[in-house]
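One structure is given here, and the rest of the page talks about it.
The values are calculated or read from the model by the stated rules, or taken from the named source; none is laboratory data. Keep in mind that this is a model prediction, so the values were computed, not measured. Neighbour counts run over all protein chains shown; Cβ positions are idealised from the backbone, glycine included.
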Amino acid sequence: MEFKGTSNYFLDPELADIVNIAIVMEKPLIVTGEAGTGKTQLAFEIAKGLDMGIEVARCKSTMKGEELCYVQDTVLRLNDSRFGSGDTGRKIDNFYDYVIWGPIGRAFRADKKVVLLLDEIDKTDSDIQDNLLDVLDETEFTIREVNDTIKAKNKPITIITSNAKRELSDPFLRRCYCHFIAFPTPDYMKEIVKLHFPDPDEKLLDTALNIFYELRKNKKFEKPPATGELLNWFDAMQRSGINPSKLSMTNIPYMGTLLKRTGDLLRYR
C-alpha cells in the first residue's frame, strides 16, 4: 500500500516518504503549513489514490472529543418513550438504536480500512487532544453509558491537519509523525498548475506566476494569495483569453480571485 500522488495532487518526495512510512507504521500524521498548501486535500487524495473511503471530522473550538466517537440522541429516545417509535424498528430499551456514530466511530466500525481526517485539530483544547490521543493510539474507545468498548476492525490511516493557531500538546505530538508542508517554489507551483490545466498557455502561466509570487512578497497583505487562489485566477484568465503581454503588477484582472480581504484589496489599489 503505497501512495504515489494522484492526477490532481503533486506529491513532493519528502511528503511522499513521511506519508508512506506513517501508513506502514500505522501512526497518525500531523500535517502543518500555510493555508492553501494542500493539507486537507492530502487526506482526500490518499483515499482516492488508495481506493479507500474517508471519514472527516471538521474540528471546532466547541467540540467535545466524545462526539467524534459517538453521541446518544437523548431527545429522540425521550420522544419514543413518550409517544412510541411507531414502525421505525427502534426499541426504547436498546441503547444502540439511539447512537449516532461520529467520524472516529464510523472509521473504527468500517469493514474496510479507511482514511480518517481530523481537520484543524488546533481549534480544539489540549484536553480534547489528549483524550483523542488515547483513542487513536489504542484504536478503541468506551461507550460509558453501557460500558462497551468499540475496537477498530481496521486501523485507519489518520491524517491530522493544523494551522498552528494553537500549540498542540507534547504528549499528542510525541505519538504522531509530523510534516510541515512548505509553500511550493515557483517550479513546483508550475507543476501543480499543470496538473489542473494539462495544456496551459505557457506564456500566460509564466507571467501569472511572476505576478503571484510578487504579491506574496508584499508583507502588508493580511491574507496573501495561496495555491487555491492562483488556480482560480489562472482559470479565469484562460477562460477570458487574457493576453499575457497586458499583465503587470499594476494591471491585474480579477483581483478579487487573488486577494479576499477588503483591507488587502484596498492596499493593492
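Condition check ((1) under 27 Å from residue 30 (Cβ atoms); (2) surrounded by 15 or more Cβ atoms within 10 Å (Cβ to Cβ)) across all residues:
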position	(1), (2)
81	no, no
84	no, no
96	no, no
136	yes, yes
157	yes, yes
161	yes, yes
168	yes, yes
174	yes, no
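Screening the stretch 62-161 for strands (runs of 3 or more DSSP E) wholly inside it with 1 or more residues that are of a type in the set (A, V, I, L, M, F, W, C) and more than 19 Å from the chain's Cα centre (by Cα) returns the ranges 70-72, 99-101, 140-143, 148-151.
Residues to consider are 27, 4, 39; find the one that is within 30 Å of residue 190 (Cα to Cα), surrounded by 16 or more Cβ atoms within 10 Å (Cβ to Cβ) and outside the structural domain of residue 229 (by TED's automatic domain parsing).
Selected residue: 39, the only one of 27, 4, 39 that is within 30 Å of residue 190 (Cα to Cα), surrounded by 16 or more Cβ atoms within 10 Å (Cβ to Cβ) and outside the structural domain of residue 229 (by TED's automatic domain parsing).
For every residue, the table says whether it meets (1) among the aliphatic types (A, V, I, L, M); (2) touching a Phe, Trp or Tyr at 6+ places or on another chain (Cβ under 9 Å); (3) farther than 18 Å from residue 132 by Cβ.
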site	(1), (2), (3)
36	no, yes, yes
43	yes, no, no
56	yes, yes, no
69	no, yes, no
77	no, yes, yes
86	no, no, yes
101	no, yes, no
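A Cβ distance below 6 Å, combined with a sequence gap of six or more or placement on separate chains, defines the contacts here; from the stretch 111-127, residues that are closer than 11 Å to residue 168 by Cβ reach no residue that is in a loop (DSSP other than H, G, I, E, B) and acidic (Asp, Glu). Just a yes or no: is a residue in the stretch 193-206 aromatic (Phe, Trp, Tyr), surrounded by fewer than 17 Cβ atoms within 10 Å (Cβ to Cβ), closer than 29 Å to residue 61 by Cβ and modelled with pLDDT of 90 or more? No, the conditions are met nowhere in the stretch 193-206. Of everything listed in (1) at positive phi; (2) loosely packed, with under 13 Cβ neighbours inside 10 Å, the single unmet condition for residue 100 is (1).
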